[in-house]
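The values are calculated or read from the model by the stated rules, or taken from the named source; none is laboratory data. What you see is a predicted model; the values in this text were computed from it and never measured. Every residue, glycine as well, gets a Cβ built from its backbone with ideal geometry; the counts of neighbours run over all protein chains shown. Side chains included, ligands, DNA and RNA excluded: accessible areas come from the protein's heavy atoms. Shrake-Rupley method; radii C 1.70, N 1.55, O 1.52, S 1.80 Å.
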Amino acid sequence: MAVVWLKVFLSTNTITPEECVLICLTLSGPTILDNLKALAENKDYVDICELRLDLLSPEEVPKAVDFPSFVNIPVILTLRRVSDGGKCTMQEKARRNLLIETMQKGGYAYVDVEDDVKKSDVEEAAHSLGMKVIRSIHDFQGVPADIFSRVHSLASRGDVAKIAVTPHNIADIMTLFRINDELKNVPKIIIGMGEWGVCTRILYKKMGSMLTFGSNGKAVAPGMVSARDLKLLYRADKLNDNTGIYGVVGNPVMHSLSPQIHNPGFQRIHYNAVYVPFLADSIRSFLSLAEMLRMRGFSVTVPFKVDVLKYLGNITREVKLIGSCNTVVRVPNMWKGTNTDYYGFIHPIEKEIDEGRIKSALIIGAGGAAKAIIWALKMRNIKVTIVNRTKSKADELATLYGVASDKLENISLYEGKVDLVVQATKMGLHPYEDVNPAENFKFTGKEIAYDIVYKPKYTKFLLAAEKAGCTLKFGWDMLMEQGKLQFESFTGYHYPKEINLDF
Ligand code: ATR
């Protein structure tokens, strides 16, 4: 039953893996049927798959002999040991025998053999069956200093060299992107694992990697991106030498929704570009990577919005006055910084300001995010008071922008006295969903309550305001508006109206 069903759903093209760069679905289900289902669900996104024998339940393992006959894309056979991040606890000889037994009927395209396996029985069996051998190294601690020579020696032992390592900083990421300069003609698979490696999984073609592994929704390995996102969101397999690289730099950064804003925009206007999340240890090191990848622009998020200023050769008036930058574009010989946060913030309340409904505002928080907000409100002649847990920080901003300040404890003193209340801290955002910094503030119902947190849409702060009957403004809208303006800075085109960003 499963056989017929899958044959119907999978493409009938047979692909020679060496001919193109591929998206590989890692099959991690406990049964053969689960894996066939996963493959059917991902049939439009992947060109090759890897069956993880070590993740099958024991009674399903013998059925794996027939697995390749159920599908018509190439299959990699892998029986990963615990020491390499897998679940196989068998004795080494028994493990190799199981690989050989599973391969015996033929049909598998590749078998993965770890670099330290000295016996050549699996390789010999593979070659006699017309299969290719992937020689692999896994390093869960870091990126080995001798990575180039290791890839080289791996390639001399197998048909394809595979190295899965764990970068911990931008310097490690740069090492991975350099592999292809040194070892251009070596057939290889390069994977940066963990959160740091996400950009390498998306930009795998830049590393000269034969394939990238994608998951069926949930990550099988840390930092793994779904096959669907690799194919549809990032178009990872379509990137070429002319593809412009953009991204968002931050720490943390993986929660950022900006890839979901920019990538569909690029695709809609047929702009050959990709937008990738980059975790960074410092903005300085990130800029080295950005130069290396010849990036055309990037968004800046926490905690680099102020740090980035000293590396910019050109800034707009807004950046200068606000003191923070969230958008950087490449101009000849330098980086230019702009700020779209202030516009993103003000756009959703523009109408109320024009109608004279907002004459005074209370800003909760005095961090980087508050700066653009205070400046934007000041520009509209709105009377601003900053309240912050640490009073000195509120005072600092108040002096900078010529507004009033107070400590957060005094927030109730402003009840009924302000038209707009802005929650400008990260309280409300995961993992602080239960925190409302304005807990002691009683809304009268006449205020406009605005939260810069966009996920969840309804924070505790907004729920309290809604209960009192206030008009609500969402961080979501702010995010979208700043993103659209950013898109214009990146591409020179308006953000396509047809795209519905209510994901
Ligand atoms: P960002 O640059 O993203 O705004 P930040 O500089 O760390 O981040 O600022 C976070 C803001 O959230 C600050 O105003 C901070 O108050 P302190 O200046 O007292 O640190 C505020 N904040 C953080 N945790 C808070 C909490 N539990 N209650 C109230 N405010 C909090």
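Which of the residues that make up segment 274-283 are surrounded by 18 or more Cβ atoms within 10 Å (Cβ to Cβ) and within 17 Å of the chain's Cα centre (by Cα)? Can you show your working first?
Of segment 274-283, the ones surrounded by 18 or more Cβ atoms within 10 Å (Cβ to Cβ) are 274-280, 283.
Hits for segment 274-283 are Val274, Tyr275, Val276, Pro277, Phe278, Leu279, Ala280.
Considering only segment 476-503, state which residues are touching a Lys or Arg at 6+ places or on another chain (Cβ under 8 Å) and in a helix (DSSP H, G or I).
Within segment 476-503, Trp476, Phe490 meet the criteria.
Can you tell me how many residues in segment 442-466 are without any contact (Cβ under 8 Å) to a residue 24 or more places away in the chain, assigned to a loop (DSSP other than H, G, I, E, B) and not hydroxyl-bearing (Ser, Thr, Tyr)?
1
If I go through segment 291-301 residue by residue, how many of them are within 16 Å of the ligand (Cβ to nearest atom) and surrounded by 24 or more Cβ atoms within 10 Å (Cβ to Cβ)? Write out each step before concluding.
Keep residues of segment 291-301 that are within 16 Å of the ligand (Cβ to nearest atom), which gives 299-301.
Now drop any that are not surrounded by 24 or more Cβ atoms within 10 Å (Cβ to Cβ), which leaves 299-300.
Of the residues in segment 291-301, 2 are within 16 Å of the ligand (Cβ to nearest atom) and surrounded by 24 or more Cβ atoms within 10 Å (Cβ to Cβ).
Testing Glu396 on (1) in contact (Cβ under 8 Å) with a residue 24 or more places away in the chain; (2) more than 11 Å from the ligand (Cβ to nearest atom); (3) of a type in the set (Asp, Glu), one condition comes back false. Which one is that?
Looking at each condition in turn, Glu396 falls short on (2).
Go through segment 357-376 and give me each residue that's open to solvent by less than 80 Å² (accessible area, probe 1.4 Å), away from the ligand (no atom under 16 Å from the Cβ) and of a type outside the set (Val, Ile, Thr).
So the first thing to find is which residues in segment 357-376 are open to solvent by less than 80 Å² (accessible area, probe 1.4 Å), and the list is 358, 360-376.
If we keep only those that are away from the ligand (no atom under 16 Å from the Cβ) too, we end up with 358, 360.
If the condition is that a residue be open to solvent by less than 80 Å² (accessible area, probe 1.4 Å), away from the ligand (no atom under 16 Å from the Cβ) and of a type outside the set (Val, Ile, Thr), then Ser360 is the only one that fits.
Hey, among Phe286, Phe345, Phe304, which residue is within 21 Å of the chain's Cα centre (by Cα), outside any strand (DSSP E or B) and within 16 Å of the ligand (Cβ to nearest atom)? Write out each step before concluding.
Working: Phe286 fails: within 16 Å of the ligand (Cβ to nearest atom); Phe345 fails: within 21 Å of the chain's Cα centre (by Cα).
After applying the criteria, what remains is Phe304.
Can you name every residue in segment 144-165 that is open to solvent by less than 30 Å² (accessible area, probe 1.4 Å), out of contact with any Leu (no Cβ under 6 Å at 6 or more places or on another chain) and farther than 20 Å from Leu230 by Cβ?
Here is the first cut: in segment 144-165, the ones open to solvent by less than 30 Å² (accessible area, probe 1.4 Å) are 144, 147, 151, 154-155, 158, 160-165.
In the following step, the residues that additionally are out of contact with any Leu (no Cβ under 6 Å at 6 or more places or on another chain) were identified as 144, 147, 154-155, 158, 160, 162-165.
Pro144, Ile147, Leu154, Ala155, Gly158, listed by residue number.
Please specify each residue of segment 235-289 satisfying the condition of being within 19 Å of Ser489 (Cβ to Cβ) and without any contact (Cβ under 8 Å) to a residue 24 or more places away in the chain.
The one that is within 19 Å of Ser489 (Cβ to Cβ) and without any contact (Cβ under 8 Å) to a residue 24 or more places away in the chain: His270.
From the list Glu498, Glu396, Glu433, Glu481, which residue is within 31 Å of the chain's Cα centre (by Cα), within 19 Å of Ser324 (Cα to Cα) and charged (D, E, K, R)?
Of the residues listed, the single one that is within 31 Å of the chain's Cα centre (by Cα), within 19 Å of Ser324 (Cα to Cα) and charged (D, E, K, R) is Glu481.
Based on what the data block shows, is Val418 β-branched (Val, Ile, Thr), within 11 Å of the ligand (Cβ to nearest atom) and assigned to a loop (DSSP other than H, G, I, E, B)? Quick ask: steps written out before the conclusion?
Values: β-branched (Val, Ile, Thr): yes; within 11 Å of the ligand (Cβ to nearest atom): no; assigned to a loop (DSSP other than H, G, I, E, B): yes.
No, not satisfied.
Quick check: is even one residue across segment 400-421 within 21 Å of Lys457 (Cα to Cα), out of contact with any Pro (no Cβ under 7 Å at 6 or more places or on another chain) and either in contact (Cβ under 8 Å) with a residue 12 or more places away in the chain or open to solvent by less than 70 Å² (accessible area, probe 1.4 Å) (or both)? Please lay out each step first, then the result.
Taking segment 400-421 first, the residues within 21 Å of Lys457 (Cα to Cα) are 420-421.
Going one step further and asking which of them are out of contact with any Pro (no Cβ under 7 Å at 6 or more places or on another chain), we end up with 420-421.
Going one step further and asking which of them are either in contact (Cβ under 8 Å) with a residue 12 or more places away in the chain or open to solvent by less than 70 Å² (accessible area, probe 1.4 Å) (or both), we end up with 420-421.
Yes, there is a match, as at least one residue in segment 400-421 is within 21 Å of Lys457 (Cα to Cα), out of contact with any Pro (no Cβ under 7 Å at 6 or more places or on another chain) and either in contact (Cβ under 8 Å) with a residue 12 or more places away in the chain or open to solvent by less than 70 Å² (accessible area, probe 1.4 Å) (or both).
Look at Val384 and say whether it is within 17 Å of Ala424 (Cα to Cα), touching a helix residue (DSSP H, G or I) at 6+ places or on another chain (Cβ under 8 Å) and at pLDDT 95 or above. First the steps, then the outcome.
Working: within 17 Å of Ala424 (Cα to Cα): yes; touching a helix residue (DSSP H, G or I) at 6+ places or on another chain (Cβ under 8 Å): yes; at pLDDT 95 or above: yes.
Yes.
Looking at (1) more than 16 Å from the ligand (Cβ to nearest atom); (2) farther than 22 Å from Val165 by Cα; (3) in contact with a Ser or Thr (Cβ under 6 Å, 6 or more places away or on another chain), which is the one condition that is false for Met224?
Every condition holds for Met224 apart from (2).
Quick one: count up the residues across segment 120-146 that are of a type in the set (Ser, Thr, Tyr), within 20 Å of Glu92 (Cβ to Cβ) and free of Cβ contacts under 8 Å to residues at least 24 places away in the same chain. Walk me through it before giving the result.
Keep residues of segment 120-146 that are of a type in the set (Ser, Thr, Tyr), which gives 120, 128, 136.
Checking the rest, the ones that are also within 20 Å of Glu92 (Cβ to Cβ) come to 120, 136.
Cutting the leftovers down to free of Cβ contacts under 8 Å to residues at least 24 places away in the same chain gives us 120.
Result for segment 120-146: 1.
Check whether at least one residue in segment 380-388 is surrounded by fewer than 23 Cβ atoms within 10 Å (Cβ to Cβ), more than 16 Å from Ala465 (Cβ to Cβ) and among the polar types (S, T, N, Q), and report yes or no. Quick ask: steps written out before the conclusion?
From segment 380-388, those surrounded by fewer than 23 Cβ atoms within 10 Å (Cβ to Cβ) are 380-383, 385; that's our starting set.
From what's left, more than 16 Å from Ala465 (Cβ to Cβ): 380-383, 385.
Now restrict to residues that are among the polar types (S, T, N, Q): 381, 385.
Within segment 380-388 (the criterion being surrounded by fewer than 23 Cβ atoms within 10 Å (Cβ to Cβ), more than 16 Å from Ala465 (Cβ to Cβ) and among the polar types (S, T, N, Q)), the answer is yes, since at least one residue qualifies.
Mind checking which pairs have a first residue in segment 485-498 that is modelled with pLDDT of 95 or more and a second that is open to solvent by 10 Å² or more (accessible area, probe 1.4 Å) and among the charged types (D, E, K, R), Cβ under 8 Å, 6 or more apart or different chains?
Short answer, once both residue conditions are applied: Phe490/Arg296; His494/Lys484; His494/Glu488; Tyr495/Lys484; Tyr495/Glu488; Pro496/Arg268.
With the requirement that a residue be open to solvent by less than 10 Å² (accessible area, probe 1.4 Å) and assigned to a loop (DSSP other than H, G, I, E, B), what does segment 129-141 give you? Break it down stepwise before answering.
Let us first name the residues in segment 129-141 that are open to solvent by less than 10 Å² (accessible area, probe 1.4 Å), namely 131, 133-136.
Within segment 129-141, just Met131 meets the criteria.
Only one of these is surrounded by fewer than 24 Cβ atoms within 10 Å (Cβ to Cβ), in contact with a helix residue (DSSP H, G or I) (Cβ under 8 Å, 6 or more places away or on another chain) and of a type in the set (Phe, Trp, Tyr): Tyr271, Tyr204, Tyr246. Name it.
Values: Tyr204 fails: surrounded by fewer than 24 Cβ atoms within 10 Å (Cβ to Cβ); Tyr246 fails: surrounded by fewer than 24 Cβ atoms within 10 Å (Cβ to Cβ).
Residue meeting the stated conditions: Tyr271.
Which one of these is more than 16 Å from the ligand (Cβ to nearest atom), open to solvent by 40 Å² or more (accessible area, probe 1.4 Å), under 22 Å from Phe487 (Cα atoms) and at pLDDT below 95: Glu318, Glu350? Can you show your working first?
Numbers: Glu350 fails: at pLDDT below 95.
Being more than 16 Å from the ligand (Cβ to nearest atom), open to solvent by 40 Å² or more (accessible area, probe 1.4 Å), under 22 Å from Phe487 (Cα atoms) and at pLDDT below 95 holds for just one of Glu318, Glu350, which is Glu318.
Just to be sure I understand, how many residues within segment 441-470 are of a type in the set (Ser, Thr, Tyr) and either surrounded by 17 or more Cβ atoms within 10 Å (Cβ to Cβ) or on the phi > 0 side of the Ramachandran plot (or both)? Steps first, please.
Start the filter on segment 441-470 by keeping residues that are of a type in the set (Ser, Thr, Tyr), which leaves 444, 450, 454, 458-459.
Cutting the leftovers down to either surrounded by 17 or more Cβ atoms within 10 Å (Cβ to Cβ) or on the phi > 0 side of the Ramachandran plot (or both) gives us 450, 454, 459.
Selection size over segment 441-470: 3.
Among the residues of segment 179-201, which ones are part of a helix (DSSP H, G or I) and touching a residue at least 24 places away in the same chain (Cβ under 8 Å)? Outline the logic, then answer.
The initial filter retains those residues of segment 179-201 that are part of a helix (DSSP H, G or I), namely 179-182, 195-201.
Listed by number, the residues that qualify are Ile179, Asn180, Glu182, Glu195, Trp196, Gly197, Val198, Cys199, Thr200, Arg201.
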